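Okay, structure first, notes after.
The values are calculated or read from the model by the stated rules, or taken from the named source; none is laboratory data. Just so it is clear, the model here is predicted, and its values are computed rather than measured. Note: ideal-geometry Cβ built from the backbone for every residue, glycine included; neighbour counts use all protein chains shown. Keep in mind that these areas ignore ligands, DNA and RNA; they rest on the heavy atoms of the full protein, side chains included. Shrake-Rupley method; radii C 1.70, N 1.55, O 1.52, S 1.80 Å.
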2 protein chains.
Amino acid sequence: MQVDLGALTAVLDGRWAELRGQLRHRMSATKPAHSTGLDTETHRSQVFDQLRELVDSGHPRLGFDPEYGGLGDIGGSVVSFEMLGYGDLSLMVKAGVQWGLFGGAVQMLGTERHHEKYLRDIMSLDLPGCFAMTETGHGSDVQHLRTTATYTDGSFVINTPDDDARKDYIGNAARDGRAAVVFAQLITGGRQYGVHAFMVPIRDESGRPMPGVRIEDCGRKAGLNGVDNGRLWFTDVTVPRAALLNRYGDVAEDGTYTSPIESDSRRFFTMLGTLVRGRVSVAGSAGSATQRALTLAVRRAETRRQFQHPSGGTEVVLLDYLAHQRKLLPALATTYALHFAQEELVEMLHEVQTTAQPDERAQRLLESRAAGIKAVATWHATASIQTAREACGGFGYLAESLLPDLKADTDVFTTFEGDNTVLLQLVAKGLLTDYRDNFADLSPLATARLVAEQLLDTVWERLPARKIVSPEPRDRKWHLDLFEDREQHVLAGLARRLRAAASDPFGTFNSAQDHVLRAGRAHIDRLVLNAFVAAIEGCTDVAAAELLNRVCDLYVLANVEADRAWFLEHGRLTPAMAKKVVAEVNALCRELRPHARPLVDAFAIPEQYLSG
Amino acid sequence: MQVDLGALTAVLDGRWAELRGQLRHRMSATKPAHSTGLDTETHRSQVFDQLRELVDSGHPRLGFDPEYGGLGDIGGSVVSFEMLGYGDLSLMVKAGVQWGLFGGAVQMLGTERHHEKYLRDIMSLDLPGCFAMTETGHGSDVQHLRTTATYTDGSFVINTPDDDARKDYIGNAARDGRAAVVFAQLITGGRQYGVHAFMVPIRDESGRPMPGVRIEDCGRKAGLNGVDNGRLWFTDVTVPRAALLNRYGDVAEDGTYTSPIESDSRRFFTMLGTLVRGRVSVAGSAGSATQRALTLAVRRAETRRQFQHPSGGTEVVLLDYLAHQRKLLPALATTYALHFAQEELVEMLHEVQTTAQPDERAQRLLESRAAGIKAVATWHATASIQTAREACGGFGYLAESLLPDLKADTDVFTTFEGDNTVLLQLVAKGLLTDYRDNFADLSPLATARLVAEQLLDTVWERLPARKIVSPEPRDRKWHLDLFEDREQHVLAGLARRLRAAASDPFGTFNSAQDHVLRAGRAHIDRLVLNAFVAAIEGCTDVAAAELLNRVCDLYVLANVEADRAWFLEHGRLTPAMAKKVVAEVNALCRELRPHARPLVDAFAIPEQYLSG
């Protein structure tokens, strides 16, 4: 099976292939700046310079409104962040803060007056800014932030009530930011209307903090030390009424509050929903970092030898060992799968955010998918980059192998832009809502049938000698059924468990929390598989499709293997079939081993980013 | 259940409690030096100063022969490395290189002339040295190192044949080392006798490399940047005949080679076996680092709140969430289990190395156990410290949380002092040898019976409707049987698979490599459980023993849960029992949650090492 690399890359590059090509070209033409061992200030200053160079490339304009000089290509803007994920991740995050979070908030939550006033300067970096949402005491539960913005006499007065409500971990705050979009509880006429966003200057032209603004540096971090994270406190900081980003809620001169969305809570989550692009970008760059780590590890495993072959002669190449294949190849297969899921997610985002009248349900699905893919992709990145480091032994511990920075920089991905555990719960809660809605729609007869089916299912699981059809382990239809059935079953079981919630909502939910997380995960796994299958279906190169099918088999079977206890416990696999799944993962590792190098080369990571 | 902290600490402190107390006292009396964000040279110089202070404490003398000023307390010397594991791990590793690896090699592989000449200066740090074994091309397969030491005219000439044979990742080499114990193929009279160790000066008094010695800095690493790792090349470096550390092999003036051990290979592995202390020390300090990370994470999880309780009022403490308990408590239980296994390992080491006539079998068991515990403990460290970081969210990413350094510094533990994957195979190979020996000893009748039993076992596994006795999930007898049965069964299965090896030794072994690793793992898990049980049996405080029994239950059931696919596939658990195991892990998390703080406080880590 000889596969054309270009054909593989074309499948991977997908809809934004042209843009990816341009970015790759640009990256290939410049030598990546070295960042290892730099002191904090030097690294920050280097990243800021690189940020300026990005402005010249024009790519930061991708995600903005053409009316103000943007290019209106939402999907392309995410793809450009993904491509930055091949380089120094401090630059990716810094760009993400400036144009994704800060610029994105102005665009999505502001109105014409803000766009007109700020967007050009944001794109050109003349106005470096922060996205000041997280507080020390509220990282996940941002609905209950405690910074206040009180309307009085034509102005908002911003205050940090105590240290627990200081803005924390804020990118661009410690060194470069001149303004911040500050999220605070809006208070007017003595009533609180929930969290809103305000444009607040934090430094003057000379770089000194504005009156009433206190700024502190978060100091050294595990990684991403080219990003200047900081803390912000506000004491009676007064901004004009127009500083309120007023797309979803406004305050009139006389202090009257108005909003197209009545519920404070719903309004806030609608606002949050428009900011989904950040999560999508993090998931994408986690993918790029994973691709880079696996490329480095596979290249080394293909050349490094250790221990003599028992029949004498040369020493054995690392990647010929099953244990080494098992470290790298299932991780590589999953990286492919997640890449296609990411591509689908970016398209979804692009459609939702470029449609004039966005469909509320589509928006909700997008948010759920972005949350779930972000969680799964970033956990996968952390685990795979760790594995790649270990697979490279002592060399992988040296900065020159590039793996230490990759590991340190990506580590925070699992908890920033939403803590993964919280995000998976968000996915599960969405599924439960849908499930209950469907359930509520049923006629009494249909309900009775559903209950009976569930009962049968339970009885069936407990039958010891039942027959399970023994499938071909590479039957895609079986894979799809297996993933869908798992999702349905976990969700139905969870819904059953939570029915008792009325009497002790917290206790019931809490004791089912492992099932909640599993439900979110099973759902995302199915979406990822569907995306992989769709990508293969769209591939016209026969040899490439054939290879991708094997990679997809490995993705599925490694996933089933890792979760086979569940399949066994729920009567979806017999012990014999489960053992067969394990054996088949080994067989696929063997089969794919000769293709390991082409599979990583197809990512087409610019060569400069693959040597120290 | 009110548990006395002192009683818990006493159980943990074990045989070397007094020494631990002294070290704790010393550590409590000094403020730990800050190392985050230091440039390489500053950090290295700080660690070297700390090393000098250690000399004054007298603890480096613990492991050495009293005849030369040592204290002759082998176990104590490992315990002192463990205690260093609570602080800057660069210091622990640097001390380990100087006194454990370098000094240990001189003591264990040298004879009186070397002891007399070097040991005092090694203890006093007047002779800083390196342990120069690893080469770029040979990290795991050190039997095939390619540096040569050729005997000619009363001297050995040391040579590095090519770049692949340079000494690499050598601690103390880049900055401080004045001498190195260099491992090289000994050649005399035209014949090669395998790898031997030579004392080679690498720098003169003024710190310049000796003639023929080339030294290069390995540069920045993911962590441990206070340790000066470097590379060494030798070109016709001449050392006197007496530079050979000649306990296991010697060369006479006329070039005649003699050794008490005839086989080159057996001799080399005997030499390696005496150096086991390094692995034991790494396992121990991995344990200390894990304890520290979990202490930090549990403390935070006990105070930090997130999301309101559905019944209103205050927000929920993180550790009250099942998902958070599941992150930290099984990891904590495993940390306890591994601590007791480590304590047993240290005692074993102490007995073997302080006995005048060491028993060969005891030595072999020690090596196997050291390899296995090192692998399991360091993987556990990497996973738990990662979990602790994630459990602390964005804060865990800041240097001030102390977790970034813990994570970065311990990461290499899984691959240095023996790559974990290679080490677990070593364990399995030892088990297979024992298994074959036992099998060979059997009479034909007994052999037939064994084969019949295995066959019955297989048939039994395949019987769909067989009865498995449903045990009490907290029945310790059941736990012990389960772990032992798993070990036996995996090993028997592996032996069966490998029987075909004659025709294609590499292919057969390689395709069973996942079983090989599983066999090593199952064996170590049983030893760890046994050690935990023995420690509880030795605990006279009723409440402490009661609590430790719950912790042991959680260790066992979390281990079974993680591996329950295997138990299901092999008919050791029914699906209903497997689900019960999962539910019981949840129940134990709930029960142990109020004890989380006492359980980490019992580690009695000096308070200075728990705040940034």
Apart from one, (1) open to solvent by 20 Å² or more (accessible area, probe 1.4 Å); (2) within 10 Å of chain B (Cβ to nearest Cβ); (3) in contact with a Phe, Trp or Tyr (Cβ under 8 Å, 6 or more places away or on another chain) all hold for A:Phe506; the odd one out is (3)
Among (1) more than 21 Å from A:Ser206 (Cα to Cα); (2) without any contact (Cβ under 8 Å) to a residue 40 or more places away in the chain; (3) in a helix (DSSP H, G or I), the one test that A:Asp121 misses
(1)
Checking B:Val182 against (1) surrounded by 20 or more Cβ atoms within 10 Å (Cβ to Cβ); (2) touching a helix residue (DSSP H, G or I) at 6+ places or on another chain (Cβ under 7 Å), only one condition comes out false. Which one?
(2)
Taking segment A:352-384 and the residues there that are away from chain B (no Cβ under 11 Å) and within 21 Å of B:Asp409 (Cα to Cα), the one that is surrounded by the fewest Cβ atoms within 10 Å (Cβ to Cβ) would be A:Ser384
Checking B:Thr574 against (1) on the phi > 0 side of the Ramachandran plot; (2) within 14 Å of chain A (Cβ to nearest Cβ), which single condition isn't satisfied?
(1)
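Only one of A:Pro128, A:Pro161 is away from chain B (no Cβ under 14 Å) and either under 28 Å from A:Gly75 (Cα atoms) or small (Gly, Ala, Ser) (or both); which? Spell out the reasoning first.
Numbers: A:Pro161 fails: either under 28 Å from A:Gly75 (Cα atoms) or small (Gly, Ala, Ser) (or both).
Step by step, each of A:Pro128, A:Pro161 is checked, and only A:Pro128 is away from chain B (no Cβ under 14 Å) and either under 28 Å from A:Gly75 (Cα atoms) or small (Gly, Ala, Ser) (or both).
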Out of the residues in segment B:583-612 meeting the condition of being open to solvent by 30 Å² or more (accessible area, probe 1.4 Å) and within 10 Å of chain A (Cβ to nearest Cβ), tell me which one is farthest from B:Val298 (Cα to Cα).
B:Ala583
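Considering every residue within segment A:526-545, establish whether at least one is of a type in the set (D, E, K, R), touching a residue at least 12 places away in the same chain (Cβ under 8 Å) and buried (at least 21 other Cβ atoms within 10 Å of the Cβ).
Just the residues of segment A:526-545 that are of a type in the set (D, E, K, R), to begin with: A:526, A:537, A:541.
From what is left, the residues that are touching a residue at least 12 places away in the same chain (Cβ under 8 Å) are A:526, A:541.
Those left that are additionally buried (at least 21 other Cβ atoms within 10 Å of the Cβ): none.
No, because not a single residue in segment A:526-545 is of a type in the set (D, E, K, R), touching a residue at least 12 places away in the same chain (Cβ under 8 Å) and buried (at least 21 other Cβ atoms within 10 Å of the Cβ).
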Got a number for residues in segment A:215-239 being at positive phi and either buried (at least 23 other Cβ atoms within 10 Å of the Cβ) or assigned to a strand (DSSP E or B) (or both)?
1
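Which of the residues that make up segment A:220-262 are in contact with a Ser or Thr (Cβ under 8 Å, 6 or more places away or on another chain) and within 14 Å of chain B (Cβ to nearest Cβ)?
Of everything in segment A:220-262, those that are in contact with a Ser or Thr (Cβ under 8 Å, 6 or more places away or on another chain) and within 14 Å of chain B (Cβ to nearest Cβ) turn out to be A:Arg220, A:Gly223, A:Leu224, A:Asn225, A:Gly226, A:Val227, A:Arg231.
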Members of segment B:395-406 that are out of contact with any Leu (no Cβ under 9 Å at 6 or more places or on another chain) and either open to solvent by 30 Å² or more (accessible area, probe 1.4 Å) or more than 7 Å from every other protein chain (Cβ to nearest Cβ) (or both)
B:Glu400
If I filter segment A:109-127 for residues that are within 15 Å of A:Val276 (Cα to Cα) and surrounded by fewer than 24 Cβ atoms within 10 Å (Cβ to Cβ), do I get at least one hit?
no
Tell me, please, whether a residue that is within 14 Å of another protein chain (Cβ to nearest Cβ), touching a helix residue (DSSP H, G or I) at 6+ places or on another chain (Cβ under 9 Å) and assigned to a helix (DSSP H, G or I) can be found in segment B:330-348.
yes
Only one of (1) within 13 Å of another protein chain (Cβ to nearest Cβ); (2) touching a Pro at 6+ places or on another chain (Cβ under 7 Å) is not met by A:Leu557, so which one is it?
(1)
Considering residues of segment B:407-432 that are outside any helix (DSSP H, G or I) and more than 7 Å from chain A (Cβ to nearest Cβ) only, the residue least open to solvent (accessible area, probe 1.4 Å):
B:Gly418
Kindly check whether there is at least one residue in segment B:42-52 that is over 25 Å from the mean Cα position of the chain (by Cα), at pLDDT below 95, basic (Lys, Arg) and open to solvent by 20 Å² or more (accessible area, probe 1.4 Å).
no
Check A:Ser281, A:Ser259 and return the single one that is closer than 26 Å to A:Ile187 by Cα and hydroxyl-bearing (Ser, Thr, Tyr).
A:Ser259
Pairs please, first residue from segment A:313-324 and within 11 Å of another protein chain (Cβ to nearest Cβ), second anywhere and acidic (Asp, Glu) and surrounded by fewer than 20 Cβ atoms within 10 Å (Cβ to Cβ), Cβ atoms under 8 Å, 6+ apart in sequence or on different chains.
A:Glu315/B:Asp141; A:Leu318/A:Glu302; A:Leu322/B:Asp514; A:Ala323/B:Asp514
Complete set of residues in segment A:209-219 that are away from chain B (no Cβ under 11 Å) and hydrophobic (A, V, I, L, M, F, W, C):
A:Met210, A:Val213, A:Ile215
Write out, first by first residue and then by second, each pair whose Cβ atoms fall under 6 Å of each other, whose residues are 6+ apart or on separate chains, and whose first residue, in segment A:386-412, is closer than 22 Å to A:Gln608 by Cβ while the second is assigned to a helix (DSSP H, G or I) and among the aromatic types (Phe, Trp, Tyr).
A:Ser401/A:Phe395
May I ask you to list the residues in segment B:135-181 that are farther than 22 Å from B:Phe269 by Cα, part of a loop (DSSP other than H, G, I, E, B) and acidic (Asp, Glu)?
B:Asp153, B:Asp162, B:Asp176
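Residue by residue, here is whether (1) assigned to a helix (DSSP H, G or I); (2) more than 9 Å from every other protein chain (Cβ to nearest Cβ) holds:
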| site | (1), (2) |
| --- | --- |
| B:Ala534 | yes, yes |
| B:Thr540 | no, yes |
| B:Cys552 | yes, yes |
| B:Glu561 | yes, no |
Determine whether segment B:225-242 contains at least one residue that is of a type in the set (Lys, Arg), closer than 19 Å to B:Leu101 by Cβ and touching an Asp or Glu at 6+ places or on another chain (Cβ under 6 Å).
yes
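When you look at B:Gln386, is it at pLDDT 95 or above, assigned to a helix (DSSP H, G or I) and either of a type in the set (Ser, Thr, Tyr) or more than 30 Å from A:Ala222 (Cβ to Cβ) (or both), yes or no? Write out each step before concluding.
Working: at pLDDT 95 or above: yes; assigned to a helix (DSSP H, G or I): yes; either of a type in the set (Ser, Thr, Tyr) or more than 30 Å from A:Ala222 (Cβ to Cβ) (or both): no.
No.
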Take segment B:239-249 and flag every residue that is in contact with a Lys or Arg (Cβ under 9 Å, 6 or more places away or on another chain) and within 15 Å of B:Val195 (Cβ to Cβ).
B:Asn246, B:Tyr248, B:Gly249
Confirm whether A:Arg526 is out of contact with any Leu (no Cβ under 6 Å at 6 or more places or on another chain) and within 14 Å of chain B (Cβ to nearest Cβ).
no
Applying the selection to segment A:250-290, what residues are farther than 15 Å from A:Glu367 by Cβ and crowded, with 24+ Cβ neighbours inside 10 Å?
A:Gly284, A:Ser285, A:Ala286, A:Gly287, A:Ser288, A:Ala289, A:Thr290
